Amino acid sequence: MNILLVYPKYPDTFWSFKHALKFVSKKASFPPLGLLTVAAMLPKDWYKKLIDMNTNQLMDDDILWADYIFISAMSIQNESADEVIQRCKKLNAKIVAGGPLFTSSPEKYQAIDHLILNEAEITLPQFLSDLNKGVAKHKYTSEDWADIAFTPLPHWDLISINNYTSMNVQYSRGCPFDCDFCDITVLYGRKPRTKTKTQVIAELDALYFTGWRGPVFFVDDNFIGNKAKLKKEILPVIAEWNEKRNNPFYFNTEASINLADDDKLMKLMVKAGFEAVFIGIESPNEESLIECNKTQNRNRDLISSVKKIQESGLEVQGGFIVGFDNDPPAIFDKLTSFIQESGIVTAMVGLLNAPQGTKLQKRLLTEGRLLKDFTGNNTDFSINFIPQMDSEILLNGYKKILNTIYSPKYYYERVMRFMKDFEPKKKKVFHLNPNYILALFKSMLKLGIIGEERIYYWKLFFWSLFRKPQLFSLAILFTIYGFHFRKISNSF
């Protein structure tokens, strides 16, 4: 059996890092971990080929070669996924589809031969068993949660790791919190399910033996969902592994703001090699946090919490949202001031939308305010419901935030604020990479000579080089990120 696994393209967004990738001569940020894992669940004697359309072109010959086309995608990839499906249909190829896009909206994909919904650990074996018997059904679904202690190692041999800026692994699924706009609990539940320490080390070993050296992203929805296990088992073995291997990897992940309440956890994460955490801060407006059930963010000084995490040696990247019913007219200036004061360099600001199956979507449907399905992209100026605030005021205010925080003056001011206060607690091992040396020279030319930010660029360049040389590479990375963010915000 010939199996072609296809990962559709991402649109050009803040998260695509398309304009930053050019500096390091890479094609995509992360490989398709889900499909690589699905490949490992298929029969060993099947021939498998993977096409990540973010790094390689999908050719008709690839489709014609395959007995089945396996497609997995997130909602933001829907347009590319639709194009792939149409191409496959024209060539009479049989399609097997799964992942968040298809699980959230299966009714839209009746033309697909087989829908493998929810978690593949449960539904894929059912499909494979029926396929072997010649009685495969159109749709497989389950209300159970998978025990990911039995999830196999991804098939890393199906991709070229050199196409990517970072590798990724998964330790847990699910989140203990229940924010009303978030579909994580809909897809993966509220009780965090975790892998064993043996699995985690096996995953790191597998990456290590591919030859990878550098950043590794834990793709968990909330890495600290089970703090006790992290502190007792997982982080100590990661720290030991990284030390024995001479620190080949440095990690980043997603976590909730209550990380700031646990000094031991932050210390263990830094010791294990974690350098950055993405945190959903959402809003500095307490009423908006109450509205969306963001309980972990309420009744706290958010800036102090951010500062505490940064002081531990972890860079905080932040997610923010505007468009809540309780957002006042002053929210745009208030949020801009918050971002500047916090020193969060990578500040992702999006418009509120209601994904399929969320509590927010159900409420808006009841109130008659839902307009359409969510595109999956909360930064494309689309809103899938009628907001309380005048739509024109909301969109103009959102655009003002982006144009302000990513302007050279504000962006570099934020970088300097962060770097003056930031002191890494773990010495970083640098692995010589020609692409990153080339990125330095590209940044000097494109940003330091041609770019509108050149005055700010050189000020940061020499300040970090002489005052904080251990952060020089991070400073250059920030300049490249800033270029990408400006390109995206200016395209709106």
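The values are calculated or read from the model by the stated rules, or taken from the named source; none is laboratory data. All of these numbers come straight from a predicted model, not from anything done at the bench. All Cβ positions, even for glycine, are placed from backbone atoms using ideal geometry, and neighbour counts span all protein chains on display. For accessibility, only protein heavy atoms count, side chains too; no ligands or nucleic acids. Shrake-Rupley method; radii C 1.70, N 1.55, O 1.52, S 1.80 Å.
Going through 137, 89 one at a time, which residue ends up being farther than 30 Å from residue 224 by Cα and in a helix (DSSP H, G or I)?
Unique residue meeting the criteria: 89.
Within the range 209-236, track down each residue that is in contact (Cβ under 8 Å) with a residue 40 or more places away in the chain, farther than 16 Å from residue 173 by Cα and buried (at least 16 other Cβ atoms within 10 Å of the Cβ).
The answer is 212, 213, 214, 215, 216.
Condition first: assigned to a helix (DSSP H, G or I) and either of a type in the set (D, E, K, R) or open to solvent by less than 30 Å² (accessible area, probe 1.4 Å) (or both). Now tell me which residues in the range 182-196 satisfy that.
Answer for the range 182-196, where residues must be assigned to a helix (DSSP H, G or I) and either of a type in the set (D, E, K, R) or open to solvent by less than 30 Å² (accessible area, probe 1.4 Å) (or both): 185, 187.
Any idea which of 39, 28 is of a type in the set (A, V, I, L, M, F, W, C) and under 15 Å from the mean Cα position of the chain (by Cα)?
The match here is 28.
Is there a residue being under 30 Å from residue 323 (Cα atoms), open to solvent by less than 10 Å² (accessible area, probe 1.4 Å) and polar (S, T, N, Q) anywhere in the range 458-474?
The answer is no; no qualifying residue exists.
Is it the case that residue 303 is open to solvent by 10 Å² or more (accessible area, probe 1.4 Å), within 26 Å of residue 416 (Cβ to Cβ) and without any contact (Cβ under 8 Å) to a residue 40 or more places away in the chain?
When the stated conditions are applied, residue 303 passes them.
Test residue 200 against the criterion of being among the β-branched types (Val, Ile, Thr), over 25 Å from residue 108 (Cβ atoms) and either open to solvent by 20 Å² or more (accessible area, probe 1.4 Å) or not in a strand (DSSP E or B) (or both), and give yes or no.
Answer is yes for this residue.
Please state which one of 326, 384, 297 is farther than 30 Å from residue 250 by Cβ, open to solvent by less than 20 Å² (accessible area, probe 1.4 Å) and not hydroxyl-bearing (Ser, Thr, Tyr).
Unique residue meeting the criteria: 384.
So, in the range 1-57, exactly how many residues are under 21 Å from residue 219 (Cβ atoms), open to solvent by 20 Å² or more (accessible area, probe 1.4 Å), charged (D, E, K, R) and outside any loop (DSSP other than H, G, I, E, B)?
Summing the residues that are under 21 Å from residue 219 (Cβ atoms), open to solvent by 20 Å² or more (accessible area, probe 1.4 Å), charged (D, E, K, R) and outside any loop (DSSP other than H, G, I, E, B) in the range 1-57 gives 1.
Would you pick out the residues in the range 140-181 that are more than 30 Å from residue 57 (Cα to Cα) and in a helix (DSSP H, G or I)?
148, 149, 150
Got a sec? Which of 136, 120, 146, 111 is open to solvent by 20 Å² or more (accessible area, probe 1.4 Å) and touching an Asp or Glu at 6+ places or on another chain (Cβ under 7 Å)?
Checking each option against the conditions leaves just 136.
Go through (1) more than 24 Å from residue 139 (Cβ to Cβ); (2) at pLDDT 95 or above and name the single condition residue 17 misses.
Only one criterion in (1) more than 24 Å from residue 139 (Cβ to Cβ); (2) at pLDDT 95 or above is unmet by residue 17, namely (2).
Which residues, taken from the range 257-313, are closer than 30 Å to residue 244 by Cβ and of a type in the set (Asp, Glu)?
262, 263, 275, 311
For residue 481, indicate whether it is open to solvent by 20 Å² or more (accessible area, probe 1.4 Å), in contact (Cβ under 8 Å) with a residue 24 or more places away in the chain and either under 27 Å from residue 379 (Cβ atoms) or under 24 Å from the mean Cα position of the chain (by Cα) (or both).
Yes; evaluated as a whole, the condition is true for this residue.
Select from the range 322-366 the residues that are under 30 Å from residue 416 (Cβ atoms) and part of a helix (DSSP H, G or I) and list them in ascending order.
331, 332, 333, 334, 335, 336, 337, 338, 339, 340, 341, 342
Run down 374, 332, 338, 320 and say which single residue is within 20 Å of the chain's Cα centre (by Cα), in contact (Cβ under 8 Å) with a residue 12 or more places away in the chain and open to solvent by 10 Å² or more (accessible area, probe 1.4 Å).
374
Let me spell it out: the conditions are (1) open to solvent by 40 Å² or more (accessible area, probe 1.4 Å); (2) of a type outside the set (A, V, I, L, M, F, W, C); (3) under 26 Å from residue 362 (Cα atoms), and residue 267 meets all of them except one. Which number is the exception?
All conditions are met except number (3).
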